[in-house]
Amino acid sequence: MNHAVLSSSRPDVSSQTPALEVRGLGKSFPIGGLLSRQSFRALHGVDLTIGRGEIVALVGESGSGKSTLARCVARLEKPSSGAILLDGVDVLNRDRVHASRAFRSQLQMVFQDPFGSLNPAHRVEHFLRRSLAIHRTGGSSDTATQQRLEELMTTVGLQADILNSYPHELSGGQRQRVAIARTLAVEPRVILADEPTSMLDVSVRIGVLNLMRKLRDEQGISMLYITHDLASARYLADRTAVMFAGELVEEGESLDLLAKPAHPYTQLLVSAVPDPARAGSYDPVRRAELRQAVMASTSCAFDGDPNQTCSAEEPVRHRVGDPENRHWVRCHLYHPRAGAGGHALAAEPTLATQRTAKQTP
Ligand SMILES: Nc1ncnc2c1ncn2[C@@H]1O[C@H](COP(=O)(O)OP(=O)(O)O)[C@@H](O)[C@H]1O
Ligand SMILES: [Mg+2]
């Protein structure tokens, strides 16, 4: 077992067992009805490590498998293969059938739609009291529980009188803060946040991101932050991992990865982020064409030539640039520049070669 994580500029994760480690995770969904043996591979060979107090962003376009990964890790979906280690303990082996209360108290999930996770018939206080009771984190007296409720509200930046409100009386941002308070009631070590801000107005998104950062800084909670918004990944996450068609294709320190994307898919994602420094380089038509080619592909759309090694073998990880940045890429089109500290960007595929790829079975 190798728990070594390369050095990081922020949290000191190098000498500790990671908070969460996902190894070779795979997930296939059956398709085509009960009698069909066909399946759709939503995840394949995913390896991901989150150190203690570290925030890792998982980015990728809609349908790439981000939520499936989070749902497998949260035990809401049964993985087809692989292992999930929480604080070094293999949880799939420990809790074979259902996720145990011990598991739930270590790991919590925050969803995109906070309204969907809050029963409209109950007041905010009900949700929080219930979590405190289930996980026995409310203290031994009514006074202690009341104090804990008020503390939770303060932590997530809400007034205590919100405890008496119904979910429909709250704004989107307040609801997401309540959903976060409910996960905090459990005192988790890891939070998986699946697009927690994508249904919020732009003006309140930053507040929720800042709250997540505060929880990491003050309580050392580790987080997987799922988003398709690269700017927020850069703002919040220490590291960013890129998912394409159910596989991680690139990962690194957020600033380095987003400044020097090495996989053509990451380059495609980055090219969609408005950036004054790259003024004039963004070609929306070109991007739309590339995106269409990528989304129409069942495997790697950048694998232009069926005779290339891309088709036959899985690419291996290449380190990109300075080891400090823990940046790697998996792509046959990536060629490290020999003897140089920098790296060569992967070639952008031509649309002609992509058409060939799409015809390949
Ligand atoms: N329960 C399911 N049954 C069949 N296919 C599913 C199921 N859940 C997800 N998928 C498929 O898995 C792929 C990845 O979905 P998802 O993880 O939701 O992607 P993302 O969160 O990145 O948008 C999609 O093609 C989706 O249709
Ligand atoms: Mg999703």
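Within region 317-331, residues that are without any contact (Cβ under 8 Å) to a residue 60 or more places away in the chain reach partners that are assigned to a loop (DSSP other than H, G, I, E, B) with beta carbons closer than 6 Å, at six or more positions or on different chains, in the pairs H318/Y334; H318/P336.
Confirm whether G51 is modelled with pLDDT of 95 or more, crowded, with 17+ Cβ neighbours inside 10 Å, away from ligand 1 (no atom under 12 Å from the Cβ) and of a type in the set (G, A, S). Judged against the criteria, G51 is a match. The condition of being over 24 Å from R205 (Cβ atoms), aliphatic (A, V, I, L, M) and within 16 Å of ligand 1 (Cβ to nearest atom) holds for only one of L86, L92, L69, L76, that being L76. Restricting attention to region 9-48 and to residues that are hydrophobic (A, V, I, L, M, F, W, C) and part of a loop (DSSP other than H, G, I, E, B), the residue that is modelled with the lowest pLDDT turns out to be V13. When D201, D161 are checked against the criterion of being among the acidic types (D, E), surrounded by fewer than 24 Cβ atoms within 10 Å (Cβ to Cβ) and farther than 23 Å from E125 by Cβ, D201 stands alone in meeting it. Looking across region 22-48 at every residue that is among the polar types (S, T, N, Q) and without any contact (Cβ under 8 Å) to a residue 24 or more places away in the chain, the one that is nearest to ligand 1 (Cβ to nearest atom) is identified as S39. Taking the numbered list (1) assigned to a helix (DSSP H, G or I); (2) buried (at least 16 other Cβ atoms within 10 Å of the Cβ) in turn, L255 passes all entries but (2). Scanning region 62-103 for residues that are in a helix (DSSP H, G or I), away from ligand 2 (no atom under 16 Å from the Cβ) and at pLDDT 90 or above yields V91, L92, F103. Just a yes or no: is a residue in region 207-229 in a helix (DSSP H, G or I), within 16 Å of ligand 1 (Cβ to nearest atom) and crowded, with 21+ Cβ neighbours inside 10 Å? Checked region 207-229: no residue is in a helix (DSSP H, G or I), within 16 Å of ligand 1 (Cβ to nearest atom) and crowded, with 21+ Cβ neighbours inside 10 Å.
The values are calculated or read from the model by the stated rules, or taken from the named source; none is laboratory data. All values derive from a computational prediction rather than experimental measurement. Positions of Cβ are backbone-derived with ideal geometry, glycine not excepted, and every protein chain shown enters the neighbour counts.
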